[in-house]
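Below: the structure, in structure tokens.
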Amino acid sequence: MSAAPLLKNDGLPPTETVPAAGGMTLGLLAEGYTEGKSGGGDQRVSLSPESCKQLVKDGYCIKVEWAAGKNADFSDEAYAAVGCQVLPRGVVIAQSNVLFSIKPPVQDFKAMKDKILISWVGRLTADGKAIVEKAAAAGVNLVDVTAVPRITIAQQMDTLSSQAKVAGHRAVIEAAHVFGRFHGAEMTAAGKYPPAGTFVLGCGVAGLEAIGKSKALGSAVCAWDVRDVSDQVASMGAKWIKVDFKEDGAGQGGYAKESSDAFKAAQQATFLKTLKSVDIAICTAAIPGRQSPLLITKEAVEAMKPGSVIVDLAAAGGGNCELTKQGEIYETPNKVTIIGFTDLPARMAMQASAMYGQNMVNMLRYIHGKEGSASLVSNIKKHLDAGDAGDIVSRSIVCCFSGKALQMPPPPQPTPAKPKTDAPAAAKKEKPNPTKAAACGAIVLSLMILLLFGLAEGTKNSLLATFLLAGAAGYQAVWGVAHALHTPLMSVTNAISGLTAVGGLILMERVDAMPAQILATSAVAISAVNIFGGFVVSQRMLNLFRKRGEADYSAFMLFPGVVLGLMVVLKPELNAAVSTISGLLCVAAIGGLASMSSADAGCKFGMVGVFGAVVATLYTMDEAKLPLAFALLGGGGLVGLVAGSRVSPMALPQTVALFHSLVGAAATCTSIGSFYETSKAGFTTSNISAVLGDIIGAVTLTGSMIAFGKLNGNLSSKAWNLPGKNYLNLGMLFTCIGLSVAFITGGDGDTGVMYLSVLALVACILGLHLVGSVGGGDMPVCITVLNSYSGW
């Protein structure tokens, strides 16, 4: 192509050179397409302006050849607007480290020595192998985008799939244009017309797209594939065509394999019968590096109805139809039109280029990783030098490097599908033995009663009754919560967990030791942050469910809080009743989240309940300590209010985990501080509570912080897999048990504080490792479990 500027680009403003990180420059070449000229390039372009915009943000400098995107309706101005330089072809090649061209520009290989060329090579085909040899001889580092392995992690860069989807879509459009009749059934005053019948052969990406678009047009669709994908076909509303011959058609790398001769004979008989009744046949079956399988014979074409259409997407590999002419459309003597275009994606150039370009962005980001654009080449070298231990994607797509042709590694084997078997005959159910069932129920209930008696020993009846009734009420309330409201539920319960502030206030009142006062004030301040921030986050989550313009009157539910506050001041003798009612309101808050209609009111119930409990506790404190208590609650509340208000809506779920870590910190501080009240060892309720609160609080503190980091992207979502991780967990668990026993049996005074402090440290490490060993996808479950722990 001439390097002279096109007239329409003469007015382009000069583009300043943008220095790329580490000198990494990308070059986008035109495909040399000439309208009406056979074999004259491609209408697509490797990178769209949107793709370039993303890569510029990643630190790349991009140079674009004049008119590179012209045939895909991307102007030079569009590339310049996103930070690209529009230059002649020779300059782009000379100044770029990595070059993009869908069709390998063999004529320019000499000018590309030591550069990386990313192209649609097809290294498994005869033509592709010849191109690889020429590239290696010229010293070009050639990357084949069609060689991306079909594994989950590489789906985002799979150009075969993205372009096949476009091809499947375009195939239906081409068929509809040539067919010239209705696709769907029509009943009009001018007559009644049946739907067109479409037969899709091959149910890969292109085939499934063809099924979907044909169904959308109203066609009666049937489909076949050598692999049994009848479930997928049926789910799209199409009929599965079954060949009465058993053979597994699954091949390597997620593709179909070539069928046996016996199977081919059986399938030809089935296809002949089907093709006689349909109007359109769309063939999509292809095997990489092999000739396309013959599916529609000359005899089958002759048996089709006049006016029928065959679109052969496998024409580049010889065609699935025996009469296909590569790159041509023609009509057979019996009036069947056969379309053998090999450039169907390019006939939707803008869409195909946009998808191809995004594949390229994903590929570069995958290879350069977190190190950034400057590490692209070094990472490729690293993966190639590592041999079998190197990244499978990089080793698959690089055809030659440093003048040496590289062998493509075998594709990863897909997980074999479980063979379909007939459901086993249902075994005859024996009638339940009523005597056995009654006896088992009685034994289980008796054991539960004995367990409750164990809890009751040495415990006040009022505390036991509150514990049991609250547990039963909480179970029933949470069980009825709608699935969509589970995250707001966690947020509300987390805010209610901020009642650790009550423990801190009581500790401030009862214990005068300075270390205990420091721990108590810390617990109050931290809990206040969680209470205010937690309820703000909860309300913001619920606001996301509200329709635009819908009014919220749940604020009236805050009025009972005024009633509770007045009761504390005017009727001090009812202080205990206020605490009980506050607890009931906290349970009602959970019940309110059972449906969206009552969720806002439920959140307000929680606010009122926490407010009542804190006010009732403040009223019992010494007046001299009230100013400090109000300062701690107000300061912490202000921090929580600001933090909860400023977090982005997308970060609300992980913010719940961050606030929940504060609950763990407050519980640990309160547990250690409470020991100063007695400072005596022994198997007492207060000491057991201190030990359990210490462990649970510490595990919750670090576990919630790890959960936040993974959900927020600050930490890798991969599960930690330290050597002997199960033994590490067991070791820390037994250490916690040993320290607990040592504390209860001999932890008087400062020795007991030391035991509790070390216990908290070990529990923090345990929480860190336990949650870190869980993958990011399961973090919401971890947060829920930690939330339940904090109920202690």
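The values are calculated or read from the model by the stated rules, or taken from the named source; none is laboratory data. Given the structure is predicted, the values throughout are model-derived calculations rather than measurements. Every residue, glycine as well, gets a Cβ built from its backbone with ideal geometry; the counts of neighbours run over all protein chains shown. Accessible surface areas use protein heavy atoms only, side chains included; no ligands, DNA or RNA. Shrake-Rupley method; radii C 1.70, N 1.55, O 1.52, S 1.80 Å.
Of interest is the spacing of the C-alpha centroids, which for segment 322-344 and segment 528-595 amounts to 72 Å. Note that segment 62-140 carries a Kirkwood radius of 13.5 Å, evaluated over its alpha carbons pair by pair. The figure for Leu499 is an accessible area of roughly 50 square angstrom, using a 1.4 Å probe on the protein chains alone.
Identify, among Leu768, Ile93, Phe545, the residue whose Cα sits farthest towards the positive end of the charge dipole of the chain, taking +1 on the Cβ of Lys and Arg and -1 on the Cβ of Asp and Glu, with the dipole about the Cα centre. So the residue we want is Ile93. Of all lysines in the structure, those lying under 17 Å Cα to Cα from Lys239, and not within fewer than 8 positions of it along the same chain, are Lys213, Lys215, Lys273, Lys276.
Separation of segment 51-120 from segment 189-238 is 39 Å, based on Cα centroids. Only beta bridges with both residues in segment 283-360 are counted; by DSSP, about 40 percent of them are antiparallel.
For Val200, the amide hydrogen comes within under 5 Å of the amide hydrogens of Cys222, Ala223, Trp224, Ile282, counting only partners 5 or more places away or on other chains and with H modelled in the peptide plane. Take every Cα pair under 8 Å whose residues are at least 6 apart in sequence, average their separation, divide by the length of the chain, and the relative contact order is 9 percent. Size of segment 689-792: Rg and Dmax of its alpha carbons, in Å, are 14.6, 44.
All Cα-Cα separations within segment 545-642 were binned at 5 Å from zero, giving a P(r) of 2, 13, 18, 19, 20, 14, 7, 4, 2, 0, each value a whole percent of the pairs.
Please name which of Met490, Leu715, Ser353 has its Cα lying farthest along the dipole of the chain towards the positive end, using unit charges on Cβ (Lys, Arg +1; Asp, Glu -1) and the Cα centre as origin. Farthest towards the positive pole: Ser353. Taking only DSSP H segments of four or more residues, each worth -39500 (n - 2.57), what value at 222 nm results for the chain once the sum is divided by all its residues, to the nearest 500 deg cm²/dmol? After summing the helix terms and dividing by the residues of the chain, the value is -17000 deg cm²/dmol. Note on Asp552/Phe734: beta-carbon distance plugged into 1/(1 + (r/R0)^6) with R0 of 45 Å gives a FRET efficiency of 0.30.
Normalising the average separation of contacting C-alpha pairs (under 8 angstrom, six or more residues apart) by the number of residues puts the relative contact order of segment 712-769 at 37 percent. Across q = 0.26 Å⁻¹, segment 523-579 modelled as identical point scatterers on its alpha-carbon atoms has Debye log10 I(q)/I(0) values of -1.02, in the order of the q list. For segment 582-718, the calculated P(r), taken from all Cα-Cα distances in 10 Å bins from zero up to the bin holding the longest distance, is 11, 24, 40, 20, 5, 0 percent. Think of each Lys and Arg Cβ as +1 and each Asp and Glu Cβ as -1; about the Cα centre, that makes the dipole of segment 566-695 roughly 180 debye.
Once backbone amide H atoms are built at 1.01 Å from N, Leu99 has Gly27, Ile116, Leu117, Ile118 as its partners under 5 Å, excluding neighbours fewer than 5 places away on the same chain. Taking every protein chain into account, the accessible area of the chain amounts to 50 square angstrom per residue (probe 1.4 Å). Remark: segment 109-123, residue by residue, has Karplus-estimated 3J(HN,Hα) of 4, 4, 7, 9, 4, 6, 9, 9, 10, 9, 9, 8, 8, x, 4 Hz, where x stands for each Gly or Pro and the curve is 6.51 cos²θ - 1.76 cosθ + 1.60 at θ = phi - 60°.
The convex hull of the Cα atoms of the chain, projected and averaged over all directions, covers 48.4 nm². The 1.4 Å probe gives accessible areas that order Phe559, Phe263, largest first, as Phe559, Phe263. Scanning residues 5 or more positions from Leu87 or on other chains, those with amide H under 5 Å from its amide H are Val64, Glu65, Trp66, with H placed 1.01 Å from N in the peptide plane.
Pairwise alpha-carbon distances in segment 112-253 exceed 28 Å for 39% of all pairs. The relative contact order of segment 589-675, computed from alpha carbon pairs under 8 Å that lie at least 6 residues apart in sequence, is 12 percent.
DSSP finds beta bridges in the chain, and of those with both partners inside it, around 25 percent are antiparallel.
With all protein chains in place and a 1.4 Å probe, the accessible surface of the chain carries 63 percent carbon and sulfur.
Sequence-ordered 3J(HN,Hα) estimates for segment 648-653 from the Karplus curve with 6.51, -1.76 and 1.60 and θ = phi - 60° stand at 5, x, 5, 9, 4, x Hz, glycine and proline given as x.
When the residues His383, His177 are ordered by accessible surface, computed with a 1.4 Å probe over the protein chains alone, the sequence from largest down reads His177, His383.
Rounded to whole Å, the principal axis extents of the Cα atoms in segment 49-186 read 60, 39, 32, largest first. Phi angles across segment 186-199 convert, under the Karplus curve 6.51 cos²θ - 1.76 cosθ + 1.60 with θ = phi - 60°, into 3J(HN,Hα) values of 9, 10, 10, 5, 8, x, 10, 10, x, x, 6, x, 10, 10 Hz, Gly and Pro given as x. Taking each of Lys53/Lys381; Lys57/Lys113; Lys70/Lys165; Lys57/Lys370; Lys264/Lys305 in turn, the alpha-carbon distance tops 18 angstrom for Lys53/Lys381; Lys57/Lys113; Lys70/Lys165; Lys264/Lys305. Against the criterion of solvent-accessible heavy-atom surface with a 1.4 angstrom probe, Leu730, Leu766 sort, most first, into Leu730, Leu766.
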